[in-house]
Structure formats: structure tokens, C-alpha cells
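S.K.: This is the structure I want to talk about, given as C-alpha cells.
Every read-out reported here was derived from the displayed coordinates using simple, explicitly stated rules and does not represent laboratory data. Remember, it's a predicted structure, so these values are computed and weren't measured experimentally. Cβ: placed from backbone, ideal geometry, glycine included. Neighbour counts: every protein chain shown.
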Amino acid sequence: MPAPLVLATDVETELVEKKSRFLTRLHRVSEVEQADTLLRAARAEHPGARHHCTALVLDETSERAEVHRSNDDGEPAGTAGMPMLQSLLNARLVDAFAIVIRYFGGVKLGAGGLVRAYTAGIEQAVAAASLLRRKELLVARIEVPPAEAGIAENAVRIWAAAHAAAVEPTEYGARSAVLTVLVDPADLEDLREDTARWSAGRRTVREVGRRTADVPL
């Protein structure tokens, strides 16, 4: 199954369908209460809108089960919130809260037209969004003398940029500097080979665990 995606930043787009304006907002959230706060803010910002329809997808964590929620906010049942939610799921987005703010344009769209408009609003926003991929990565560490930290950091960051890996801040001790890299399991051996190359075989890579992280696509 493909790895889920998360928003790098929030995004807002606009769609006009038969004079109705559909403003779609996608927010990255981590809890239901955060989504509720964002909805209250949207209502306060757009009090003249006819509807503020929503969909929420929260990823499963050790503290909670997966959360899927939607709300039609006065639109005919099943024509807004559920199509929005299905669009988020089809896009593999998690930890995402979608609000579609509709200003009625005076022309009724019918049930089919509403489903298409709310679906298109989410799809348009997803297409405009900057996304990250959520993956389970290996935590790899490389220990070097402090005097070699600059060379090591440069080499590791070049390698990480080419392999969509994440480099954490270097930890400095009295006798050593420790570089931590979050790496795809399939790339671990390549990191070891690259480390052996730039260090002339003097430095090694240790696998110390696994961690879920959000990395560039």
C-alpha cells in the first residue's frame, strides 16, 4: 500500500460553479480540537457564506484510532462532506482538515452538481498543495571526531538530498560528533557504502531504531 501523504503547508483555492463560489482550505492538523478551532475561525471570517462543509482524516497513533469525519453543514445529505472526505482518502492525505466555504450564487446545482463541485474543490486544492510522504525510516548514526564534523555533515547532507533522507542536527560531545540520518531501509546499504567512501573506510553507520517521519516526495 502506498505511504500516506501530509501537507507541508496549508493551502486555499477557489472554484466557481454556476455563480457559486467554493473556497477550499486544507489544513494540517493533529487533533480534533484543532480542526474545531479552524472551523470556528472560518465561520467568523466568512459569516456571509451559506455553508462551511468539512472533512477530517487523522492518522492512527499509539494514543488514538484512525479518525474519519465529515459534515454537510446544511447541504443535502451526502453531497458535500462525504465527497470531500472520499477525495482526501483517494489522495492518501492524513492529518488533514478540509473546509469548503460556499457562497451561493443563486443557481441550484442539484445533488450531482454539488457532489462534483465539492469533489473538484478538494482535488484542486490537493493539486495546488505542497506535500510530504509519511514513511517509516531507519534511524542511522555516524560518529566522527569533532574535527571531522564539517566534512561529515557536508557529505551526509549531499547524500541525503539525493535519497530523500532527513538529517537531524549534529550532537556534539567532548570526544565525538554524532550525525543522525533518517533513511529508507532500502537505502541503508548505499549510505554505508557512501560513508566508507568519504571517510576512507574509517567511519561506519549504525542502525539504532526506526521512526516515522515526513519526507519530501
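S.K.: How would you order 108-116, 53-61 from highest to lowest mean count of nearby Cβ atoms within 10 Å?
M.R.: Peptide ranking by packing, descending: 53-61, 108-116.
S.K.: Please sort 16-29, 36-49 by packing, taking for each peptide the average over its residues of neighbouring beta carbons within 10 angstrom, highest first.
M.R.: Numbers: 16-29: 19.0, 36-49: 13.6.
Highest to lowest by the protection proxy: 16-29, 36-49.
S.K.: Tell me, rounded to the nearest percent, the portion of alpha carbon pairs in region 104-217 spaced more than 25 Å apart.
M.R.: Numbers: 2626 of 6441 pairs.
Everything past 25 Å amounts to 41 percent.
S.K.: To the nearest 10 degrees, how steeply does helix 188-198 sit against the main Cα axis of the chain, on a 0 to 90 scale?
M.R.: Helix 188-198 sits roughly 50 degrees off the main axis of the chain.
S.K.: From the C-alpha gyration tensor of region 75-119, pull out the three semi-axes of the equivalent ellipsoid (sqrt of 5λ each), sorted largest to smallest, in whole Å.
M.R.: Values for region 75-119, descending: 21, 11, 8 Å.
S.K.: Could you tell me how many cubic angstrom of Cα convex hull volume region 17-64 has per residue?
M.R.: Working: hull volume 3.9 nm³, N = 48.
Value for region 17-64: 81 Å³ per residue.
S.K.: Considering only the other residues whose Cβ falls under 12 Å of the Cβ of G48, what net charge follows from Lys and Arg at +1 and Asp and Glu at -1?
M.R.: +3
S.K.: Extension gain V67-T9, at 0.36 nm per residue separation less the Cα-Cα distance, in nm?
M.R.: 18.8 nm
S.K.: What number comes out for the charge environment of A162, summing +1 per Lys or Arg and -1 per Asp or Glu over other residues with Cβ under 14 Å away?
M.R.: -3
S.K.: While we're here: Obtain the radius of gyration and the Kirkwood radius of region 15-124 from its C-alpha atoms and give Rg over Rh. Please report the intermediate quantities before stating the final value.
M.R.: Working: Rg = 13.5 Å, Rh = 13.9 Å.
Ratio of gyration radius to Kirkwood radius: 0.97.
S.K.: Could you give me D for region 49-176, from Stokes-Einstein at 37 °C and 0.692 mPa s, where the hydrodynamic radius is the Kirkwood radius over C-alpha pairs? Units µm² s⁻¹, please.
M.R.: My calculation gives 180 µm²/s for D.
S.K.: If I model the chain as equal point scatterers sitting on the Cα atoms and use the Debye formula, what is log10 I(q)/I(0) at q = 0.09, 0.17 Å⁻¹?
M.R.: Those come out to -0.49, -1.04, one per q.
S.K.: At a 10 angstrom cut-off on C-beta neighbours, averaged per residue, how do the peptides 118-129, 91-102, 146-157 rank from highest to lowest?
M.R.: 91-102, 118-129, 146-157
S.K.: Additional query: Does region 155-206 come out rounded, prolate or oblate by the C-alpha gyration tensor, with a ≥ b ≥ c the root eigenvalues, rounded set by a/c under 1.5 and, if not, prolate when a/b is larger than b/c and oblate if not?
M.R.: oblate
S.K.: Quote the FRET efficiency, to the nearest 0.05, computed for A196 versus R133 with a Förster distance R0 of 22 Å and r equal to the Cβ-Cβ distance. Provide the component values of the computation, followed by the final result.
M.R.: Working: r = 28 Å, r/R0 = 1.27.
Step by step, r from the Cβ atoms, then E = 0.20.
S.K.: Here is a further query. Could you state the principal axis extents of the C-alpha atoms in region 110-170, from the largest down, to the nearest angstrom?
M.R.: Answer, in whole Å and largest first: 69, 19, 17 Å.
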